[in-house]
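First comes the structure, then the notes that go with it.
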Amino acid sequence: MGLIDVASGNSVWRGLDYAKNGKIKSYKQIDEDVYTGIALGSNGEKYNVFMDVSHPRKSKCDCPHAKDRRIVCKHIVALYFTVFPKEIDKFLKKVEEAQKEYEAYEEELEIKLHKYIKSMSKAELQETVLQLLYEGPEWMYDRFIRDRIEF
């Protein structure tokens, strides 16, 4: 599992932004797949970053969010994207492909839903609507009453 895979989505996107905005002020390779660097925080603070690409959970940062915790923070991600700038395009392409897959799934699901609903009898539809209204969230019931029934 790669470094990006173990970071939270928030850390990845913020780290990408940090890399693009030059928040990694310096870095050096200290071993194969091991780097250290200095990252600037949002208020100009400097944080020491240690990144082990082969063992992402060994990566560390002394920022308040990651200090003494085994997490991959935005500063570690920023260092990763700074050291490996081609990974930015790979990551963005992967996100784009995932979005397209999700949209295709949603489209297929909507088609199946319409087909299923059209196959239901009137009695089945009535029972389903009542069940959704009674068992669903309260706002759904309230909105249905407000929008469709003069009360």
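Per-residue HN-Hα couplings for region 73-86, Karplus 6.51 cos²θ - 1.76 cosθ + 1.60 at θ = phi - 60°, whole Hz, x for Gly and Pro?
8, 4, 5, 5, 4, 4, 4, 4, 5, 6, 6, 10, x, 5
Give the range of the longest stretch in the chain that excludes all GluC sites (Glu not before Pro) found in loop regions by DSSP and having at most 16 other beta-carbon atoms within 10 Å.
Answer - 46-149.
If you roll a 1.4 Å probe over the chain with all protein chains in place, what percent of the accessible area is carbon or sulfur?
Summing carbon and sulfur atoms, their accessible area is 53 percent of the total for the chain.
Using alpha-carbon pairs under 8 Å, 6+ residues apart, how would you state the relative contact order of region 14-70 in percent?
Contact order relative to length: 20 percent.
Can you run phi through the Karplus equation (6.51, -1.76, 1.60; θ = phi - 60°) for region 97-106 and list ³J(HN,Hα) in whole Hz, with x for Gly and Pro?
Going residue by residue, I get 5, 5, 5, 5, 4, 5, 5, 5, 4, 4 Hz, with x marking Gly and Pro.
Picking from 92, 16, 113, which is most flexible by a Gaussian network model of the chain using Cα springs under 10 Å?
113
Between the alpha-carbon centers of region 1-76 and region 119-137, tell me the distance in whole angstrom.
51 Å
Among residues other than residue 21 whose Cβ falls under 14 Å from its Cβ, what is the net charge (Lys/Arg +1, Asp/Glu -1)?
Combined, the nearby Lys, Arg, Asp and Glu give +4.
Mind running the shape call on region 1-120? Use the C-alpha gyration tensor, a ≥ b ≥ c as the square roots of the eigenvalues: rounded below 1.5 for a/c, prolate if a/b tops b/c, oblate otherwise.
In terms of gyration-tensor shape, prolate.
Averaged per residue, what accessible area in Å² does the chain show with a 1.4 Å probe, protein chains only?
74 Å²
By the scheme Lys and Arg +1, Asp and Glu -1, what is the net charge of all other residues having a beta-carbon under 12 Å from that of residue 136?
Values: positive: 143; negative: 135, 138, 142.
Charge balance near residue 136 sits at -2.
Net charge near residue 49: determine it from the other residues with C-beta under 9 Å of the C-beta of residue 49, scoring Lys and Arg +1 and Asp and Glu -1.
Summing Lys/Arg as +1 and Asp/Glu as -1 gives 0.
Please find, in a Gaussian network model of the chain (springs between Cα atoms separated by less than 10 Å), the residue of 116, 141, 27 whose mean-square fluctuation is greatest.
Judging by the Gaussian network model, the answer is 141.
The values are calculated or read from the model by the stated rules, or taken from the named source; none is laboratory data. All values reported here derive from a predicted model rather than from experimental measurement. Note: ideal-geometry Cβ built from the backbone for every residue, glycine included; neighbour counts use all protein chains shown. All accessible areas refer to the heavy atoms of the entire protein, side chains included, with ligands and DNA or RNA removed. Shrake-Rupley method; radii C 1.70, N 1.55, O 1.52, S 1.80 Å.
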